[in-house]
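Visitor: Here you go, one structure.
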Amino acid sequence: MDKMNQSSAEAGSGTIALRYLSKGEAEAIETELLRDYKFGQQQLIEIWGQACALAITKAYPLSSLAKKQPTVLVICGPDQNGSIGLVCARHLRMYEYEPTIYHPKRSSQSLHQDFTVQCEKMDIPSLSYLPTEVQLINDAYNLVIDAMLGPDTDCANIKEPYPGILVTLKQIKVPIASVDVPSGWDAEEPSQDGINPEVLISLTAPKKCAMSFSGKHFLAGRFLPYDIQKKYDLNLPDYPGTDCLIEL
């Protein structure tokens, strides 16, 4: 029995299964937040980005990092997931990590450019290229944050430079933490031969591709209005204390 159909079976035991969203459901929820609930795009990206940074601090506390310098590589695509990665990098800098940003492609979106400027003003460095020599990445960074391709990506039509970067990410030894949907994965089904993140940070509610994810899985969705939670039967877990994210 898959997780989407567990609700009724588990209701009798006192627990109701968390809902895993299709790509269409995720898009519909975001549209409602923006159109009906008057959330701003920048507001949502800021909420998600800070939550991602907090998830990193929980999964990889400064005291646990193997290298002397708390270095983190954040790979940011040109779309919304990339903007979330930029916000994540900025907050990690405030939390005393040392992020470096890599943009495979610069975005023409003004919001993305604004988030880039914020990182530059925080003296967060950027790479001009990603080393294809995997050992250079392993030696320089404690982990890689994958904010490259998001749930909207057409996985059957990924164009360069992304396929080459995915090849590199499959070979590195340092852990990967992916934002919402691991790059190269279809949002609706687990990847058989994609990258293998150690940590997944789901935004709003987990997507169907996360149903069999076996790594450390965080959810950042505490901001969702109750009516939306009810409408989509999200069955979100009880967040601890005042935390904005929870480990599933």
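The values are calculated or read from the model by the stated rules, or taken from the named source; none is laboratory data. What you are looking at is a predicted structure, and each value in this text was computed from that prediction instead of being measured. Backbone-built Cβ (ideal geometry, glycine too); neighbour counts: all protein chains shown. These accessible areas exclude ligands, DNA and RNA; they are computed on the full protein's heavy atoms, side chains included. Shrake-Rupley method; radii C 1.70, N 1.55, O 1.52, S 1.80 Å.
Visitor: Please indicate, with yes or no, whether at least one residue in the range 155-165 is modelled with pLDDT under 95, closer than 16 Å to TYR102 by Cα and open to solvent by 60 Å² or more (accessible area, probe 1.4 Å).
Guide: Yes.
Visitor: Going through ILE75, ILE29 one at a time, which residue ends up being buried (at least 18 other Cβ atoms within 10 Å of the Cβ), part of a helix (DSSP H, G or I) and at pLDDT 95 or above?
Guide: Working: ILE75 fails: part of a helix (DSSP H, G or I).
Matching residue, one of ILE75, ILE29: ILE29.
Visitor: Evaluate the following for LYS38: is it part of a loop (DSSP other than H, G, I, E, B), open to solvent by 50 Å² or more (accessible area, probe 1.4 Å) and more than 22 Å from LEU130 (Cβ to Cβ)? I'd like the intermediate steps shown before the answer.
Guide: On the way: part of a loop (DSSP other than H, G, I, E, B): yes; open to solvent by 50 Å² or more (accessible area, probe 1.4 Å): yes; more than 22 Å from LEU130 (Cβ to Cβ): yes.
Considered against the rule, which asks whether it is part of a loop (DSSP other than H, G, I, E, B), open to solvent by 50 Å² or more (accessible area, probe 1.4 Å) and more than 22 Å from LEU130 (Cβ to Cβ), LYS38 comes out as yes.
Visitor: Sticking with this structure for a sec: Being outside any loop (DSSP other than H, G, I, E, B), hydrophobic (A, V, I, L, M, F, W, C), buried (at least 20 other Cβ atoms within 10 Å of the Cβ) and in contact (Cβ under 8 Å) with a residue 12 or more places away in the chain, is that true of even one residue in the range 220-242?
Guide: From the range 220-242, those outside any loop (DSSP other than H, G, I, E, B) are 220, 226-231; that's our starting set.
Cutting the leftovers down to hydrophobic (A, V, I, L, M, F, W, C) gives us 220, 228.
If we keep only those that are buried (at least 20 other Cβ atoms within 10 Å of the Cβ) as well, we get 220.
Next, from what is left, pick out any that are in contact (Cβ under 8 Å) with a residue 12 or more places away in the chain: 220.
Yes - at least one qualifying residue is present in the range 220-242.
Visitor: Answer yes or no as to whether GLY241 is at pLDDT below 95 and not hydrophobic (A, V, I, L, M, F, W, C). Steps first, please.
Guide: Numbers: at pLDDT below 95: no; not hydrophobic (A, V, I, L, M, F, W, C): yes.
It is false that GLY241 is at pLDDT below 95 and not hydrophobic (A, V, I, L, M, F, W, C).
Visitor: May I ask you to list the residues in the range 209-219 that are touching a Phe, Trp or Tyr at 6+ places or on another chain (Cβ under 6 Å) and crowded, with 22+ Cβ neighbours inside 10 Å?
Guide: CYS209
Visitor: Moving on to the next point. Against the definition (open to solvent by 20 Å² or more (accessible area, probe 1.4 Å) and under 17 Å from the mean Cα position of the chain (by Cα)), how does ARG90 come out, yes or no?
Guide: Values: open to solvent by 20 Å² or more (accessible area, probe 1.4 Å): yes; under 17 Å from the mean Cα position of the chain (by Cα): yes.
When the stated conditions are applied, ARG90 passes them.
Visitor: Right, here's the next one. For a quick check of your reading: which helices (runs of 4 or more DSSP H) sit entirely within the range 94-195 and have at least 2 residues that are of a type in the set (S, T, N, Q) and either in contact with a Ser or Thr (Cβ under 9 Å, 6 or more places away or on another chain) or within 26 Å of ALA220 (Cβ to Cβ) (or both)? Outline the logic, then answer.
Guide: On the way: elements: 110-121, 134-140, 162-171.
Answer list for the range 94-195: 110-121.
Visitor: Give the residue, chosen from ASP193, ASP146, that is under 29 Å from LEU18 (Cα atoms) and surrounded by fewer than 17 Cβ atoms within 10 Å (Cβ to Cβ).
Guide: Numbers: ASP146 fails: surrounded by fewer than 17 Cβ atoms within 10 Å (Cβ to Cβ).
Of the residues listed, the single one that is under 29 Å from LEU18 (Cα atoms) and surrounded by fewer than 17 Cβ atoms within 10 Å (Cβ to Cβ) is ASP193.
Visitor: So which of GLU96, GLU46 is in contact with a Pro (Cβ under 9 Å, 6 or more places away or on another chain), under 24 Å from SER202 (Cα atoms), open to solvent by 10 Å² or more (accessible area, probe 1.4 Å) and among the acidic types (Asp, Glu)? Let's see the steps before the verdict.
Guide: Numbers: GLU46 fails: in contact with a Pro (Cβ under 9 Å, 6 or more places away or on another chain).
Unique residue meeting the criteria: GLU96.
Visitor: Quick test for you: out of SER202, SER178, pick the one residue that is within 20 Å of HIS112 (Cβ to Cβ), of a type outside the set (A, V, I, L, M) and surrounded by 18 or more Cβ atoms within 10 Å (Cβ to Cβ). Don't jump to the end; show me each part of the working.
Guide: Details: SER202 fails: within 20 Å of HIS112 (Cβ to Cβ).
Only one candidate passes the filter, namely SER178.
Visitor: If you check every pair at least six apart or on different chains, which have Cβ atoms under 7 Å apart with a residue in the range 187-205 that is hydroxyl-bearing (Ser, Thr, Tyr) first and a residue that is assigned to a loop (DSSP other than H, G, I, E, B) second?
Guide: From residues that are hydroxyl-bearing (Ser, Thr, Tyr), the pairs are SER191/PRO182; SER191/GLY184; SER191/TRP185; SER202/ASP180; THR204/GLY221; THR204/LEU224.
Visitor: Exactly one condition in (1) out of contact with any Lys or Arg (no Cβ under 8 Å at 6 or more places or on another chain); (2) surrounded by 14 or more Cβ atoms within 10 Å (Cβ to Cβ); (3) at pLDDT below 95; (4) of a type outside the set (Gly, Ala, Ser) is false for LEU18; which is it?
Guide: (1)
Visitor: Step by step: first the residues of the range 51-72, then only those that are part of a loop (DSSP other than H, G, I, E, B), open to solvent by 70 Å² or more (accessible area, probe 1.4 Å) and in contact (Cβ under 8 Å) with a residue 24 or more places away in the chain, then the one that is farthest from HIS217 (Cα to Cα). Which residue is that? Steps first, answer last, please.
Guide: Pass one, the range 51-72, residues part of a loop (DSSP other than H, G, I, E, B): 60-61, 65-70.
Filter once more, keeping what is open to solvent by 70 Å² or more (accessible area, probe 1.4 Å): 66, 68-69.
This time we only want the ones that are in contact (Cβ under 8 Å) with a residue 24 or more places away in the chain, so: 66, 69.
On the way: ALA66: 21, GLN69: 25 Å.
The selected residue is GLN69.
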